[in-house]
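**Q** Please find one structure pasted underneath; my questions will follow.
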Amino acid sequence: NFNAIGFPDYPKFGFATDSINVMANLFVPFQGAGIGVIDKQEVMSGGPATIIFYVLGPTEFGFVPGDNDGPKFDGVTPTFFTNNFTSGSSIDVWEIEPDYGSPADSTIAEVANIAVAPFDTDLCPAPRETCIPQPGSGTGTFPNNIPFLEAIADRMMHRAQMRHYNGGRMYAMLNHTVDADGTGVAGVRWYEMSNPRNRGWRLRRQNTYSPDSDSRWMGSIALTKSGTTCMGYSISSQTRYPSIGIVGRRGRGNSMNTNEVIAFDGNVAANVQRQTGRWGDYSSVSIDPVDDTCWFTTEYAKPNSFIGERFGWATRIIHFTPTPAGGGILGR
């Protein structure tokens with residue numbers, strides 16, 4: 001019950017060994033981020049569950065909770081990542097050590113401040129960074145105007161996938177939206193972090209995916225058991241109607257090395273978002289535990305609809321595996 005704390009916006013969850021990790025940005029009044037853990041065993045048993053939750057204050061924001069995909073599930077500490085609310089050059093890592101028998105004895109700490117390539121999340125001076133273009137944006141008057149789209153670059157994007165391999169190799173795949181070229185074109189900045197044998201988090205690889213002048217944002221990224229990276233995102237520009245794209249990385253290089261595939265082409269239906277700056281809220285790449293393929297789930301605005309309509313929002317699910325020749329879409 002958050003009534004005594006504030007309105008919990010943008011809640012996200014993830015799994016550690018003994019805990020379900022949870023975060024929320026707290027509003028009314030604004031109190032920054034809150035992160036916490038829930039006793040996983042109590043949840044699985046169907047009974048009341050203990051939650052340990054920390055309000056970090058208005059200077060902390062934009063966290064995502066670590067979400068472990070295995071294949072090893074023991075020894076995974078509740079972990080949280082943030083891009084520090086604004087433009088910068090580091091990623092912070094926080095951990096919680098829960099004591100469900102005596103919650104007051106639980107501890108929380110910032111365990112790493114990892115230097116990364118400088119990034120700019122201020123794509124434009126407009127409120128809430130509503131400046132990703134779509135065809136016709138910035139013309140006319142409400143309700144017939146075509147708005148710019150919101151970048152939502154002030155926070156990490158779901159999900160912070162963690163992969164704990166046998167032998168003590170722990171990885172985390174992270175992403176957020178940045179100004180890719182200094183002119184306001186949005187790109188997906190992604191990171192591969194590692195924590196070998198629990199000796200501390202460090203940067204392993206990083207890059208910004210922005211192959212042309214179209215904006216790419218609202219990304220999600222994950223690593224398969226076999227080591228292939230899958231990433232999905234939204235795409236838009238003054239000449240491209242809002243669309244959905246996927247790309248991948250085979251091997252352990254520093255860049256996406258498969259061809260981009262447009263999994264939903266907004267140009268086909270001239271599909272502008274007519275009523276609000278939001279598009280694609282939010283997305284997630286999940287890894288199939290059976291065949292190690294990738295599932296990208298994202299929202300989008302249905303063609304010729306207004307978000308205020310009953311069926312204006314829709315969900316797109318794309319099943320794919322990155323191949324050298326392209327995205328290898330299996331189904332949509």
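The values are calculated or read from the model by the stated rules, or taken from the named source; none is laboratory data. In this text the structure is predicted, and so the values were computed from the model without any measurement. Cβ atoms come from the backbone with ideal geometry, glycine included; neighbour counts cover every protein chain shown. The area values use the complete protein model at the heavy-atom level, side chains included, leaving out ligands, DNA and RNA. Shrake-Rupley method; radii C 1.70, N 1.55, O 1.52, S 1.80 Å.
**Q** So Ile317 passes all but one of these: (1) at pLDDT 90 or above; (2) within 17 Å of Pro135 (Cβ to Cβ); (3) of a type in the set (Val, Ile, Thr); (4) open to solvent by 40 Å² or more (accessible area, probe 1.4 Å). Which condition number does it fail?
**A** Failing condition for Ile317: (2).
**Q** Please list, ordered by residue number, the strands (runs of 3 or more DSSP E) wholly in region 82-132 having 1 or more residues that are of a type outside the set (A, V, I, L, M, F, W, C) and modelled with pLDDT of 95 or more. Give the derivation first.
**A** Numbers: elements: 88-97, 107-119, 130-132.
Hits in region 82-132: 88-97, 107-119.
**Q** Given the conditions (1) under 17 Å from Arg240 (Cα atoms); (2) at pLDDT 95 or above; (3) in contact with a Lys or Arg (Cβ under 9 Å, 6 or more places away or on another chain); (4) of a type in the set (Asp, Glu), and given that Glu150 satisfies all but one, which numbered condition is not satisfied?
**A** With respect to (1) under 17 Å from Arg240 (Cα atoms); (2) at pLDDT 95 or above; (3) in contact with a Lys or Arg (Cβ under 9 Å, 6 or more places away or on another chain); (4) of a type in the set (Asp, Glu), Glu150 is out only on (2).
**Q** May I pose another question? If I filter region 1-33 down to residues being of a type in the set (Ser, Thr, Tyr) and under 17 Å from Ser106 (Cβ atoms), which single residue comes out as surrounded by the fewest Cβ atoms within 10 Å (Cβ to Cβ)? Quick ask: steps written out before the conclusion?
**A** Filtering region 1-33 for residues of a type in the set (Ser, Thr, Tyr) gives 10, 17, 19.
If we keep only those that are under 17 Å from Ser106 (Cβ atoms) as well, we get 17, 19.
Working: Thr17: 14, Ser19: 26.
Taking the candidates together, the pick is Thr17.
**Q** Return the residue satisfying two criteria in turn: it lies in region 212-260 and is surrounded by fewer than 19 Cβ atoms within 10 Å (Cβ to Cβ) and in contact with a Gly (Cβ under 9 Å, 6 or more places away or on another chain), and of such residues it is nearest to Asn68 (Cα to Cα). Walk me through how you get there before you give the answer.
**A** Looking only at region 212-260, we keep the residues that are surrounded by fewer than 19 Cβ atoms within 10 Å (Cβ to Cβ), and these are 212-213, 225-227, 238-239, 250-255, 257, 259.
Subset that is in contact with a Gly (Cβ under 9 Å, 6 or more places away or on another chain): 225, 227, 238, 250-252, 257, 259.
Working: Lys225: 12, Gly227: 15, Gln238: 38, Arg250: 21, Gly251: 21, Arg252: 20, Asn257: 25, Asn259: 28 Å.
The extreme case among them is Lys225.
**Q** Further question: From Gly182, Gly167, which residue is within 18 Å of Val76 (Cβ to Cβ) and either out of contact with any strand residue (DSSP E or B) (no Cβ under 7 Å at 6 or more places or on another chain) or basic (Lys, Arg) (or both)?
**A** Details: Gly182 fails: within 18 Å of Val76 (Cβ to Cβ).
Within the list Gly182, Gly167, the selection yields Gly167.
**Q** For region 53-68, give me each residue that is on the phi < 0 side of the Ramachandran plot and crowded, with 21+ Cβ neighbours inside 10 Å. Explain how you work it out, then say what you get.
**A** Let us first name the residues in region 53-68 that are on the phi < 0 side of the Ramachandran plot, namely 53-56, 58-61, 63-68.
Across region 53-68, the qualifying residues are Glu60, Phe61, Phe63, Val64, Pro65, Gly66, Asp67, Asn68.
**Q** Residue by residue through region 195-222, note down the ones that are among the aromatic types (Phe, Trp, Tyr) and part of a strand (DSSP E or B). Break it down into steps so the answer makes sense when it comes.
**A** Initially, region 195-222 is screened for residues among the aromatic types (Phe, Trp, Tyr), giving 201, 209, 217.
Correct list: Tyr209, Trp217.
**Q** Which residue is farthest from Met157 (Cα to Cα), if the candidates are limited to region 1-48 and must be of a type in the set (S, T, N, Q) and touching a residue at least 12 places away in the same chain (Cβ under 8 Å)?
**A** From region 1-48, those of a type in the set (S, T, N, Q) are 1, 3, 17, 19, 21, 25, 31, 41, 45; that's our starting set.
Checking the rest, the ones that are also touching a residue at least 12 places away in the same chain (Cβ under 8 Å) come to 17, 19, 21, 25, 31, 41.
Working: Thr17: 22, Ser19: 21, Asn21: 15, Asn25: 13, Gln31: 20, Gln41: 27 Å.
Restricting to residues being of a type in the set (S, T, N, Q) and touching a residue at least 12 places away in the same chain (Cβ under 8 Å), the top hit is Gln41.
**Q** Looking at region 179-200, is at least one residue under 30 Å from Phe148 (Cα atoms) and acidic (Asp, Glu)? Before the answer, list the steps.
**A** Step one: of region 179-200, the residues under 30 Å from Phe148 (Cα atoms) are 179-191.
Now restrict to residues that are acidic (Asp, Glu): 179, 181.
Yes, region 179-200 contains at least one residue that is under 30 Å from Phe148 (Cα atoms) and acidic (Asp, Glu).
**Q** If you check Gly70, Gly47, which single one turns out to be over 23 Å from the mean Cα position of the chain (by Cα) and either not aliphatic (A, V, I, L, M) or not in a strand (DSSP E or B) (or both)?
**A** Checking each option against the conditions leaves just Gly47.
**Q** So, one more: Could you list, in sequence order, all residues of region 146-194 that are assigned to a strand (DSSP E or B), aliphatic (A, V, I, L, M) and touching a residue at least 60 places away in the same chain (Cβ under 8 Å)?
**A** Ile146, Leu149, Ala160, Met162, Met170, Ala172, Leu174, Ala186, Met193
**Q** Which residues, counting only those in region 262-292, are farther than 24 Å from Cys131 by Cα and crowded, with 18+ Cβ neighbours inside 10 Å?
**A** At the first step, the residues of region 262-292 found to be farther than 24 Å from Cys131 by Cα are 285-292.
Once the filter is applied, which keeps residues that are farther than 24 Å from Cys131 by Cα and crowded, with 18+ Cβ neighbours inside 10 Å, region 262-292 yields Val285, Ser286, Ile287.
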